[in-house]
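Okay, so here's the structure we're looking at.
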Amino acid sequence: MKKLMWLILCFVALPAAAAIDGTQILQKVDRNLEPESYEMYRKLIDIQPDGSKKEYVLYTMKKGRDKIVALFLSPPSDKGRVTLRLGDNMWLYIRDVGRPIRITSLQSVTGSIFNNADILRVDYSAEYNVETAEEQKGALILSLKAKTGEVAYDRLKMWVDKQLLLPVTIEAYAASGLLIKTLHFKDNKDFGGGIKRPAILETDSPLHKGYKSVMLFSAIKKRDFPDEIFTLNYLPRIEELRK
Amino acid sequence: MNVLRGLRRFWPLVLLFAIASVKAAEEYSFDASAFEKKPFELGGYVELKQEDFALNRAGAFYKLNNFGQPQRDDLGRTTGTLQLAGKLRYGIGTFDFRTNSGLQRDQLAHDHDNTIFEAAYSIRPSPGLTMEAGKRALKWGKGYAWNPMGFVERPKDPNDPQLAREGIWMANSDLIFNPGGNLQTIAFTPVLLPVGNDINSDFGASGHLNPAAKLYLLYRDIDIDFAWQGKGSRPARFGMDFSTNLMSNFEIHGEWARIQQFTRPVTDSTGRVTSEVGNATSYLLGLRYLTAGDTTYIVEYYRNATGYSDQEAGQFYQLVNNAFATGSGALLQKALSLSRSSYGRPNSGKDYLYFRAQQKDALGIVYFQPSVTAMMNWQDRSYQVTPELQYTGVKNFDLRLRLFLLQGGISTDFGEKQNSRKLEFYARYYF
């Protein structure tokens, strides 16, 4: 009888043990992309259908799972702009305006296909729950659902490199099921300090046919910051934290 | 050899491929070291602006401002502006400045000015503490077009709310705390603002060191400010504001401010001026809404307790008419004096409505933003509508075209302005 019970238990437990733990994978993807607290430089390139481009350079600092600030270093017309995100709250500080205004995740401070949620991206696991995780042709596919209605995309479908546990492609969907954009992660690179991740992120959108936006990553470093800098009062002085 | 000879024939193609691959590599190259922080930075913009006014010859402010001058139906004005902003870093301190130089010419006059907008030295002994002294343009309040809580700043131009403004000489500090929990941030900003014959003389009565302070709280997802300015060069005042998102694309904000024992000069149509003294409570309520199609709507209602009701303003306009009808020099001087102070301020009425709709990337053109702004004096129903086209797609350029259309009857706010229409174009180059 005991043997029979063990056999039944094994049959019940085996599929569960073999099942993919999507939440754990998503957390690993988050940490493989960036340390929890870091600084980095990014260049955003917006490419129009006629091939003309507009470029932005941003210095970004992140702390914990949901505090992130980005300072525009270029072009001169945008230099000194700062965007801050604390959880679901986002603000834009423009030096001439002199005070921060609230902005939304779906807006784009640059005018590109990348919206504020892409530019001020916090951990995927902070915003999304894993609904399903499956393996297909050597890749892990995670279906993610936004934890709240405040998140920019209602659903994400993420293709993850099984060996590296880094995202390869992400499709972002609205609540209506409409595909808003596709993100393509490319050119895995060693940034030093144990950070190996894609150096290029490309995006295109069926809503903006012919347009393309590219994000290039550089100088990603683990760095701890005091909480005080992730506040509205600190935004005018954020540049002084650059080394 | 034959292969080499064959390759030689295709050398233009090889060269093209080589250039194409170099270009492809260039396309995605990024070296962050080019953006290292420098001890000295200088930037800014140059702007060329052309304004064409259709003058409102029946308007009270046209009559007052053009008294004794050749009468005109229109006026063209060209303005060149250079704004320089710089930063000098040394040790734990930073000196930053912003200057504004303008050259203006129209058919009646030409003028130039050089103004220091901001120049301040700041030190940060710790991330949570900043101290600074110099000329600084603090911006308090959450309103888009107006800020009744802007106690220590020059008034905002509701026609250009995002324009940089001249600051005020002061010493101020910033203390930031992060208690955690629902109260995510506390920030305290004390200010000391001296007023003398040679410093901040346009702020108010000289011989005072005016204290002011602002307390900012981020409680849950709500920005809240409390502000105070002590009695000194100006009457004491206090206020509060808030801003929060009801939905991710729907923000609401409000401001409330009370000036204690505020003196308001009020005239009747004969030029008899009485000073009304009392507490003036102003407030503002507003919202900002973003649609799925990237249209932003901004709506604000502003109750300006320091302003004039339509009856009070009507008495002033009657005074101007009487002055010109009778040719009385004394009445004219009185009307001129009142127009240069309280009655001639922008938005000197009591109740205003503001509406703005702006469309991002309109007509499928990236960086093209048309918008329309409307401002109405709610009491006399006069209004101003401003359609606008803006394009920022050319590298480092900002191009803007606006048409101001003012509409109102006799003795109304926008009906008595100096001009009835204005066409404005500017090209701004950032460097």
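The table below lists the values:
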item	result
Any hit, the range B:302-323, residues being among the polar types (S, T, N, Q), crowded, with 18+ Cβ neighbours inside 10 Å and within 30 Å of A:Ser105 (Cβ to Cβ)	no
Flag for B:Arg402 being closer than 16 Å to B:Ser309 by Cα and among the charged types (D, E, K, R)	no
Condition check for A:Leu106: within 8 Å of another protein chain (Cβ to nearest Cβ), of a type in the set (A, V, I, L, M, F, W, C) and in a loop (DSSP other than H, G, I, E, B)	yes
Given (1) modelled with pLDDT under 90; (2) surrounded by 19 or more Cβ atoms within 10 Å (Cβ to Cβ), number of the condition A:Val97 does not satisfy	(2)
Restricting the range B:192-219 to residues that are polar (S, T, N, Q), touching a strand residue (DSSP E or B) at 6+ places or on another chain (Cβ under 6 Å) and assigned to a loop (DSSP other than H, G, I, E, B), the residue that is nearest to B:Gly167 (Cα to Cα)	B:Asn200
Selection status of B:Ile199, aliphatic (A, V, I, L, M), free of Cβ contacts under 8 Å to residues at least 24 places away in the same chain and surrounded by fewer than 17 Cβ atoms within 10 Å (Cβ to Cβ)	no
From the options B:Ile176, B:Ile222, residue that is at pLDDT 95 or above, touching a helix residue (DSSP H, G or I) at 6+ places or on another chain (Cβ under 6 Å) and of a type outside the set (Gly, Ala, Ser)	B:Ile176
Subset tally (residues that are over 20 Å from the mean Cα position of the chain (by Cα) and either within 13 Å of chain A (Cβ to nearest Cβ) or without any contact (Cβ under 8 Å) to a residue 60 or more places away in the chain (or both)) for the range B:379-390	2
Residue satisfying condition, being at the interface with chain A (Cβ under 10 Å from one of its Cβ atoms) and at negative phi, within set B:Leu183, B:Leu218, B:Leu209	B:Leu218
Number of positions in the range B:170-191 that are surrounded by fewer than 19 Cβ atoms within 10 Å (Cβ to Cβ) and either among the aliphatic types (A, V, I, L, M) or part of a strand (DSSP E or B) (or both)	9
Flag for B:Ile252 being closer than 30 Å to A:Ser105 by Cα, surrounded by fewer than 20 Cβ atoms within 10 Å (Cβ to Cβ) and either touching a strand residue (DSSP E or B) at 6+ places or on another chain (Cβ under 9 Å) or touching a residue at least 40 places away in the same chain (Cβ under 8 Å) (or both)	yes
Total residues in the range A:190-218, condition assigned to a loop (DSSP other than H, G, I, E, B), within 19 Å of B:Gly293 (Cα to Cα) and of a type outside the set (A, V, I, L, M, F, W, C)	6
Positions within the range A:61-87 being in a strand (DSSP E or B), under 15 Å from the mean Cα position of the chain (by Cα) and within 11 Å of another protein chain (Cβ to nearest Cβ), in sequence order	A:Lys63, A:Lys67, A:Leu84, A:Leu86
One residue from A:Arg102, A:Arg95 being over 15 Å from the mean Cα position of the chain (by Cα) and in contact (Cβ under 8 Å) with a residue 60 or more places away in the chain	A:Arg95
Verdict on A:Ala199 being in contact (Cβ under 8 Å) with a residue 24 or more places away in the chain and either within 14 Å of chain B (Cβ to nearest Cβ) or within 14 Å of the chain's Cα centre (by Cα) (or both)	no
Among the residues listed as A:Leu232, A:Leu207, A:Leu178, the single one being among the aliphatic types (A, V, I, L, M), modelled with pLDDT of 90 or more and under 17 Å from A:Asn115 (Cα atoms)	A:Leu178
Counted residues, the range B:92-141 - those being facing chain A (nearest Cβ under 10 Å), of a type outside the set (A, V, I, L, M, F, W, C), without any contact (Cβ under 8 Å) to a residue 40 or more places away in the chain and outside any strand (DSSP E or B)	1
Looking only at the range A:36-56, and only at residues there that are facing chain B (nearest Cβ under 10 Å) and assigned to a loop (DSSP other than H, G, I, E, B), the one that is surrounded by the most Cβ atoms within 10 Å (Cβ to Cβ)	A:Gln48
Residue in the range B:225-248 that is modelled with the lowest pLDDT, counting only those that are surrounded by 18 or more Cβ atoms within 10 Å (Cβ to Cβ) and within 14 Å of chain A (Cβ to nearest Cβ)	B:Ser248
Extreme residue, surrounded by the most Cβ atoms within 10 Å (Cβ to Cβ), among residues of the range B:76-95 that are hydrophobic (A, V, I, L, M, F, W, C) and modelled with pLDDT of 95 or more	B:Ala85
Condition met for B:Ala227 (among the aliphatic types (A, V, I, L, M) and assigned to a loop (DSSP other than H, G, I, E, B))	no
Failed item, numbered, when A:Ile113 is tested on (1) surrounded by fewer than 17 Cβ atoms within 10 Å (Cβ to Cβ); (2) over 21 Å from A:Tyr38 (Cβ atoms)	(1)
Condition met for B:Val394 (aliphatic (A, V, I, L, M), free of Cβ contacts under 8 Å to residues at least 40 places away in the same chain and away from chain A (no Cβ under 14 Å))	no
Which numbered condition B:Leu331 misses (of (1) surrounded by 16 or more Cβ atoms within 10 Å (Cβ to Cβ); (2) of a type in the set (A, V, I, L, M, F, W, C); (3) closer than 30 Å to A:Val151 by Cβ)	(3)
Enumeration of residues in the range B:225-273 that are among the hydroxyl-bearing types (Ser, Thr, Tyr) and more than 24 Å from the chain's Cα centre (by Cα)	B:Ser248, B:Thr263, B:Thr267, B:Ser269, B:Thr270
Residue list for the range A:215-228, restricted to those being out of contact with any Lys or Arg (no Cβ under 8 Å at 6 or more places or on another chain) and either among the aliphatic types (A, V, I, L, M) or at the interface with chain B (Cβ under 9 Å from one of its Cβ atoms) (or both)	A:Ala219, A:Pro226, A:Glu228
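The values are calculated or read from the model by the stated rules, or taken from the named source; none is laboratory data. Since we're looking at a predicted model, the values are computed, not measured. In this analysis, Cβ positions are derived from the backbone assuming ideal geometry, glycine residues included, and neighbour counts consider all displayed protein chains.
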